[in-house]
Amino acid sequence: MDSKDLLLFDPEVSDALNSGKPVVALESTIISHGMPYPRNVSTALEVEAVVRENGAIPATTALMDGQFCVGLSSDQIEKLGSSGGVKKVSLRDIGVALSKEILGATTVATTMFIAEKAGIQIFATGGLGGVHRGDSGDVSADLTALGTIPVTVVSAGVKAILDLPRTLEFLETLGVPVLGYETDVFPEFWIRGSNLPISARVDDPLAAAAAISAHWSSGMKSGVVLAAPVPVEDEADPEVINAAINEGLAAAAAQGVAGSGTTPFLLAHIVESTGGASLETNIALVKNNAAVAAKVAVELASLNKK
Ligand code: PSU
Ligand code: MN
């Protein structure tokens, strides 16, 4: 069997792909594990609307009934956001999730895997996974995917609960371009960032699309990080955020949280200790990334026709 037979397309998404129209993939772990109900569901639907407003078709991905879903109905999004038993599916979980027909939410890594199979070049999320702080050896499979799957991920950098300098070194090792969108510095998720390096700056959707397209036409097979900082008006207070991150890390250590539960635990802890402020910033940056991704998707679609 061809693994593409496992793809279950929403008809609007397959029509768009067949006619070369711009499509933006969206992940679902951010819905099931990244934000509290019901804001997770309303955000997922709003993010889809932002993609449409900016000229592209959204394709939220998930695993259901032993298939890769590419494009979900609002009922399916509600189900992913409201039922407790949804599995966070990273690369190594794909086989088991398919064979057991588990309801699975896709991480950045798994969304890249499905997007590439579906022929979608770009996807938007909040923040990438990466190298965790300390010496646990916990490194997100998002980095594995970025090193090996030719899809562009628009994010506000890497979630700032991580070790950002080590994550950037890792991306360099993997041959992944880190393009700053209208910025000279790497965004730090809830804040715009100040001194971490990017590999190049791009100033508009066409420049981004040209750099992405040339990366792949050269024969490079890695993914691309297109890093867009949170809009100024939505930026969190750095002191409040840093205090919340440190508190969260201490709580995770005290409670022995490890493995794939770490990131969801920290995000939820930070939402609570900032009185919800971090959630508002997270939602704003995801929407901003969706708008950037859609605009770049439009330019990629027209470059593809040339
Ligand atoms: N971006 C967000 N919130 C999230 C995530 C991204 O704003 O919850 C998710 C993505 O699915 C990403 C995952 O792949 O967190 C990283 O998890 P881990 O560190 O366990 O690889
Ligand atoms: Mn991990």
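Brief remarks on what is shown
- Principal semi-axes of the equivalent ellipsoid, √(5λ) from the alpha carbon gyration tensor of the stretch 248-289, are 22, 12, 5 Å from largest down.
- Accessible area per residue (1.4 Å probe, heavy atoms of protein chains only) ranks Leu206, Leu91, Leu226 as Leu206, Leu91, Leu226, with the largest value leading.
- For a label point 7 Å along the Cα-to-beta-carbon line of Ser217, residues of the stretch 292-306 with backbone N under 14 Å: 300-306
- Our analysis of the stretch 132-172 gives Rg over Rh at 0.95, with the two radii drawn from alpha carbon positions and Rh computed by the Kirkwood formula.
- The fraction of accessible area contributed by carbon and sulfur in the chain is 52 percent, rounded to a whole number (1.4 Å probe; ligands and nucleic acids excluded).
- Cα-only radius of gyration and Dmax that characterise the stretch 40-83, units Å: 10.8, 32
- Across the stretch 126-277, the mean sequence separation of Cα contacts (distance under 8 Å, 6 or more residues apart), normalised by length, yields a relative contact order of 24 percent.
- Rounded to whole Å, sorted largest first: equivalent-ellipsoid semi-axes of the stretch 61-115, Cα gyration tensor: 16, 12, 10
- Using the average count of surrounding beta-carbon atoms within 10 Å as a protection proxy, the listed peptides 144-157, 72-85, 46-59 rank, highest first, as 144-157, 46-59, 72-85.
- Over the stretch 200-269: Rg over Rh, Cα atoms, Kirkwood Rh: 1.17
- Entries in Lys21/Lys159; Lys21/Lys87; Lys79/Lys221; Lys88/Lys117; Lys79/Lys117; Lys87/Lys117 that, when Cα-Cα distance is taken, lie over 28 Å: Lys21/Lys159; Lys21/Lys87; Lys79/Lys221
- Note on the chain: helix-only mean residue ellipticity at 222 nm, from DSSP H runs of 4+ residues weighted -39500 (n - 2.57) and normalised by residue number, equals -14500 deg cm²/dmol.
- Residue of Ser217, Ser90, Ser278 that the Gaussian network model of the chain assigns the largest fluctuation, springs spanning Cα pairs under 10 Å: Ser217
- Accessible area in the full protein assembly, largest first, 1.4 Å probe, for His132, His269: His269, His132
- Our analysis of the stretch 124-267 gives Rg over Rh at 0.98, with the two radii drawn from alpha carbon positions and Rh computed by the Kirkwood formula.
- Percent of Cα-Cα distances greater than 24 Å, calculated over the stretch 186-306: 42 percent
- Here, P(r) means the percent of Cα pairs in each 5 Å bin from 0 to the largest distance; for the stretch 150-203 it is 4, 21, 33, 29, 12, 1.
- By the equivalent-ellipsoid construction on the alpha carbon gyration tensor, the stretch 27-159 comes out with semi-axes of 21, 18, 16 Å, ordered largest to smallest.
- Neighbour net charge for Pro58 - beta-carbon separation under 15 angstrom, K R +1, D E -1: -3
- Probe 1.4 Å, accessible area per residue of the chain, Å²: 41 Å²
- Accessible-area order (highest first, 1.4 angstrom probe) of the listed residues Lys221, Lys4, Lys287: Lys221, Lys4, Lys287
- Considering only alpha-carbon pairs that sit under 8 angstrom and 6 or more positions apart, the relative contact order computed for the chain is 20 percent.
- Charge tally for Ala208 (other residues, Cβ to Cβ under 12 Å; Lys, Arg +1; Asp, Glu -1): -2.
- Averaging 1/r over each pair of different alpha-carbon atoms in the stretch 182-222 and inverting the result gives 11.6 Å, the Kirkwood hydrodynamic radius.
- Convex hull volume of the chain per residue (C-alpha atoms, cubic angstrom): 124 Å³
The values are calculated or read from the model by the stated rules, or taken from the named source; none is laboratory data. These numbers come from a predicted model, not from an experiment. FYI the Cβ positions are ideal-geometry reconstructions off the backbone, even for glycines, and counts take in every protein chain you see. SASA here: full protein model, heavy atoms, side chains in, ligands and nucleic acids out. Shrake-Rupley method; radii C 1.70, N 1.55, O 1.52, S 1.80 Å.
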